[in-house]
Amino acid sequence: MRGLYHLGIAALVAIPGGAFAQDARQDEDEIIVTAQQAQRQVVSDGAIGVLGNLDALETPFNVTGYTAQLILDQQSETIGDVLENEPSVRTTYGFGNQAELFVLRGFTLSGDDVSIDGLYGVTPRQLVSPELYERVQVLNGANAFLFGAAPGGSGIGGSINLVPKRAERTLLRATASYGADSLFGGNFDAGTRFGRDNMLGLRVNGIYREGETAVDNDRRRVGVLGGSFDVRTGPGRFFLDIGYEDQNAYQPRTTVRLAAGQPVPDAPDPSYNPAQRWTYTELRDLYVLARAEVDVAPNITAFLAAGMRNGTEEGEYSTITVTNAATGIGTAARLYVPREDHNQSGQAGLRGRFQTGPISHRFSLGASVNFLENRNAFTSGNFPLAARQGCAAAPVAVTSFCTSIYDARMVDLPTNATLPSAGGDLVDLPRASTAEFTSFYASDTLGLWNDRVLVTAGARHQRIGVDAYNRGTLLRTTSYRESATTPVVGLVVRPTERLSLYANRIEGLAQGPTAPLNANTLNAGEVFAPFRSVQYEIGGKIALRGLTGTVALYQITQPSAFSASTPTPTNPNALTFVVDGEQRNRGVEVSLNGEPTDWLRIIGGFALNDAKLTRTLNGINDGRSAIGVPDLQANLGVELVPPFLRAATITARVVHTAAQYLDVANSQRVPAWSRVDLGIRYVLVAADHPVTLRLSAENVTNEGYWASAFGGYLLQGQPRTLRSSVTFEF
């Protein structure tokens, strides 16, 4: 009896104790889940070129940064995937291959002109895995003073800067992923700090994916490894970043051109792929960056940075030119291009603050240099008679074959048509071009009335030297040395702590464009003189209840370049790349990002564009819309934590792009399109460690559409694409 008594007492004591322990366990799990969900995905502050790190409301420019958390949560595989959140940007492909090309404020930014930690020339070409970076930072608008002239000849409408991941805490994260159709992969992210006072830091990231995408027969293989090592001691901070990317695309879907006078055809089935089996792109890049920062005096920092990239590229490309829009029948050719790039980049300068009476000063001065060497060769192909029949009354030229965007004819890889003496030695690649960019800059931001008014004034003197060479004779064919001084004036007025109004006048400067390398361009490889543009912008920013809102109005003018149809007796699809007239882009950008509550997140906005051609030759095209620039772009994403399932996050995004024109005459109109993306994340806790499950679907209704017409190329939108992943954080 006494035993039963003691057992009963023990049970009464144990029951509430167990309940208390269970409640404590649930509370701890909820804290972990909430912390995991609360990590920021979008920020508006950060490094603004040579001006250094600035708060969003102190910046006279429109800047948005997409964080590593967003990249992880949205399962982004390229920079273009990340920028699906940015209303001012559209992503297309450049020159018929797999190079992601970004369109900001109606002007291109090539992959060559994306910077890493403020350095040009070191970013891998064409396709970049974003998992190595802490932020993908977008600065809308001209930026020649802030970053210098873009060496690839683009960047007039904005810049993209990648911020490397660095070790801030101990971290071990592993992710396994699967995407339709059979794209398996995974990545890891590990970092720690060690040594006396944690002065040493190490961060390592690795990615591998392989399999078929949602596009028929499109197969990808990606291998990436990156590491960052840093030393932070006393007044100094020293960083070393190394990255290697191996990007491969086999039978990737081709871009499409239209013959003169043809209307825009209906887009093929969303997953259909008319590419030839022998087409591919293989990209390998190794880059290294080193940076040193030393506080030489209170509030004054000296910095020195250097970087290099060695890249190799090889690809078989084939772009279809539609000659009958009703049937989709057209012609295609073959272009084989091996390429090597050897680039070096450097910066040095001083940045700091001081006070003169009631006026504060934030100054920067320094210099930058870029050296670039490109080696490449190219050849087309000779196709047999059987492949050249069926798309015209007579067989097409020997360098082309007949096909269709709806029912492609598969042909064998042809023999080389171009002799090495004309297109260059395909093994021992000849030097095609070299470029040297040097600049010196200085600026001062004056703060008045306790920094309620900030006035920025500065200038950068830039010198550009470019040489182009004949691939056969190895002789220099083009050489120019140009210099320009590009000033900047910026104004920020802060009526309250949460509101700022801003304005800027800034210029853009870029190496002149290079005529595309393809079988139809008559002046392939021709290098043009530098482009200079002028931007005026006014806007406002507000930070309220976890949200940052931005409104910007701008105008940019720039010389325009495009491929004009110039048929010849032997090639009716011949093109000449020309610089003709001026393009004037005006627009309004509205964005809203942040978390107004712990259950709602908003990412997106819209951009209104008015891109017109002015001062064209003999006024023929004055007033026409610029190629590939829609009047309206809208991206609106929301994330919702339902009250009945607090560990889950439901995501939705709508992307809309208005109609675009494919040609200068505005006779070829590409219809507007919209798509819907949906997803869900769920966080659970295993042994005090968060485990995140993700499932998303892009283009859930499987809409078929032409996504872009920029550059005169039609790019088909992606079909319904499913992605899933599970992340373990230890």
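Bear in mind that the values in this text are calculations on the coordinates, not laboratory data. Predicted model, so just to flag it, every value in this text is computed and none were measured. Every residue, glycine as well, gets a Cβ built from its backbone with ideal geometry; the counts of neighbours run over all protein chains shown.
Points to keep in mind about this one:
- Using the Cβ-Cβ distance between SER479 and LEU385 with R0 set to 45 Å, the FRET efficiency from 1/(1 + (r/R0)^6) comes to roughly 0.55.
- The residue list ALA167, PRO430, GLN74 was ranked by how far each Cα lies along the charge dipole of region 38-729 toward its positive end, using unit charges on Cβ atoms, and ALA167 comes out on top.
- Reducing region 686-721 and region 518-580 to their Cα centroids gives an inter-centroid distance of 26 Å.
- Computed from label points 7 Å out along Cα-Cβ, the spacing between VAL700 and ASP428 is 6.0 nm.
- Helices in the chain, meaning DSSP H runs of at least 4 residues, each add -39500 (n - 2.57). Divided by all residues, the mean residue ellipticity at 222 nm is -2000 deg cm²/dmol.
- Taking a ≥ b ≥ c as the square roots of the eigenvalues of the alpha carbon gyration tensor, region 299-345 is oblate, as a/c is not under 1.5 and a/b does not beat b/c.
- The chain - percent relative contact order, Cα under 8 Å, separation 6 or more: 12
- Here's how it looks for SER44: its modeled amide H is under 5 Å from those of GLY65, which are all 5 or more places away or on a different chain.
- With an a/c value of 1.5 or above and a/b not larger than b/c for the gyration tensor axes a ≥ b ≥ c computed over the alpha-carbon atoms, region 385-528 is described as oblate.
- Per residue convex hull volume, Cα atoms of region 389-465, in Å³: 298
- Each residue in ILE359, ILE603 was given a count of other beta-carbon atoms within 10 angstrom of its own, and listing them fewest first yields ILE359, ILE603.
- Rh by Kirkwood over Cα pairs, then Stokes-Einstein D for region 38-729 at 1.002 mPa s and 20 °C, µm²/s: 82
- Cα gyration tensor, region 154-242 - rounded (a/c under 1.5), prolate or oblate: oblate
- With the convex hull drawn over the C-alpha atoms of region 667-729, the volume per residue is 91 Å³.
- By the count of neighbouring beta-carbon atoms within 10 Å, fewest first, LYS612, LYS541 end up ordered LYS612, LYS541.
- Listed by Cβ neighbour count within 10 Å, with the fewest neighbours leading, TRP449, TRP673, TRP599, TRP278 appear as TRP449, TRP599, TRP278, TRP673.
- Percent antiparallel among DSSP beta bridges (both partners in the chain, rounded to 5): 100
- Length released on extending from LEU522 to THR312, taking residue separation times 0.36 nm less the Cα-Cα span: 73.0 nm
- Angle between the chain longest axis and helix 2-37 axis [Cα atoms, degrees, rounded to 10]: 30
- Given charges at Cβ of Lys, Arg, Asp, Glu: the chain dipole, positive-most of THR233, GLY191, ALA697: THR233
- Dipole of the chain computed with +1 at Lys/Arg Cβ and -1 at Asp/Glu Cβ about the Cα centre; of LEU662, LEU613, ASN593, farthest Cα towards the positive end is LEU613.
- Only the Cβ atoms of Lys and Arg (+1) and of Asp and Glu (-1) were treated as charged; on that basis the dipole of the chain about its Cα centre amounts to roughly 780 debye.
- Here, region 201-339 yields an orientationally averaged convex hull projection of 12.7 nm² when only Cα atoms define the hull.
- Tail fraction, Cα-Cα pairs, region 285-382, threshold 24 Å, whole percent: 57
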